[in-house]
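A short reminder: the numbers here are calculations on the coordinates, not readings from a lab. If you're wondering where the values come from, they're calculated on a predicted model, not measured in any experiment. Please note: Cβ atoms are built from the backbone with ideal geometry, for glycine as well, and neighbour counts cover all protein chains shown.
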C-alpha cells in the first residue's frame with residue numbers, strides 16, 4: 001500500500017497532540033506584511049511567517065481540494081475545523097546551520113539562535129525589495145497611485161563562501177489526536193519518502209502559498225522535510241492543549257499586558273483572510289478582503305521573564 005509508513009495521529013504516545021518539526025524551501029520570494037496602512041509606497045515584510053499565515057494557506061488548500069467551486073461559507077467552515085485540529089508555530093529563516101529568530105539585546109535587535117548577527121547583516125543576507133505597479137490594460141500604462149515598493153524575504157542567499165543556496169524556513173505543526181476534516185481522518189508521515197500530512201492520498205502541506213503579493217508570484221513554498229531538523233522550541237503536548245516554555249525572548253506574539261516587564265517592542269497586530277475568526281458574520285468570497293480587529297501585542301524577540309504559555313490557533317501565545 002502506498003501509505004504504509006503513515007500513522008494515525010491517535011497512535012502517538014497517548015497524547016492529544018502530535019508535534020511535527022517542519023522545514024520548507026522557498027520557491028519564490030516571500031512577503032509577510034504588517035497591518036494595512038495608507039500613506040506609504042513602501043510595503044515592508046516581516047522576517048518570519050506567522051502561524052496565521054499557515055492556517056490561512058492550509059485552509060485554502062484543503063477547501064479547494066474538497067470542494068470544486070467553494071464559496072466563503074465553505075472556507076469559513078474548513079477554517080474553523082483547522083482551528084480546532086491544528087496548531088502552527090511561527091516559522092523562521094533557516095540556513096541549515098542557524099535559525100534566525102529575533103532577540104532584543106542591549107546592542108539592539110539581533111537575529112540567530114546559535115550565532116547572532118545584526119539587523120544590517122541579516123537584511124543584507126536575506127532581504128530584498130522590488131518596485132511593482134498595476135497596469136491599466138485599456139491604456140497600457142501604470143494605474144494611478146499603484147506604484148509601490150515591496151520588501152521580501154529572498155528565496156536565495158549567499159553563504160559564507162559565496163555559494164548561492166535556497167532559503168528555508170523552519171517551525172512546528174501540531175495535529176490533534178483523531179483529527180478529522182469533513183469526516184476525513186488526518187494522517188502524518190515523516191519518512192524520507194512521501195512525507196507530509198494527508199487527507200486520503202492528498203498531501204495538504206506539500207505546497208503552499210504564504211503571505212501577500214501572490215499575484216506577482218510571491219509566497220510559493222515547498223515541503224522539504226518533517227522531523228529531520230529540530231526547531232528550538234520547548235513544547236509539552238497535553239490532553240487539552242500545546243504549551244511552550246518561554247525562557248527569554250518570545251518566539252511569537254504575546255498579547256500586551258501592562259504588568260509584564262519587557263525589553264523589546266509592542267505593535268498592533270491584525271490579519272487578512274476570507275473571514276475574521278472572531279466575527280461569525282464577517283466574511284468575503286475573495287481572499288484577504290476581511291481585516292481582523294487590530295490589538296496590541298509584544299513582538300517576537302521581545303525579552304520577558306520566563307513562563308509557560310499556550311499556543312493559540314494562529315500561533316500567538318496565550319498565558
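Based only on other Cβ atoms within 10 Å, what is the fewest-to-most ordering of 174, 313? Let's see the in-between values first.
Details: 174 22, 313 18.
Arranged by neighbour count, lowest to highest, 174, 313 become 313, 174.
For segment 7-241, what does the alpha-carbon gyration tensor say about shape, rounded, prolate or oblate, given a ≥ b ≥ c as the root eigenvalues, a/c under 1.5 as rounded, and a/b over b/c as prolate?
It comes out oblate by the Cα gyration axes.
When the Cα centres of segment 220-275 and segment 49-79 are compared, how far apart do they sit, in Å?
Between the Cα centre of segment 220-275 and that of segment 49-79, the gap is 21 Å.
Where both partners of a DSSP beta bridge lie in segment 7-241, what percent of those bridges are antiparallel, to the nearest 5?
Of those bridges, close to 95 percent are antiparallel.
How do 52, 130, 46 line up, fewest other C-beta atoms within 10 Å first?
Lowest to highest Cβ neighbour count: 130, 46, 52.
Could you work out how far the C-alpha centroid of segment 118-132 sits from that of segment 143-212, in angstrom?
Taking the Cα centre of segment 143-212 as reference, the centre of segment 118-132 is 21 Å away.
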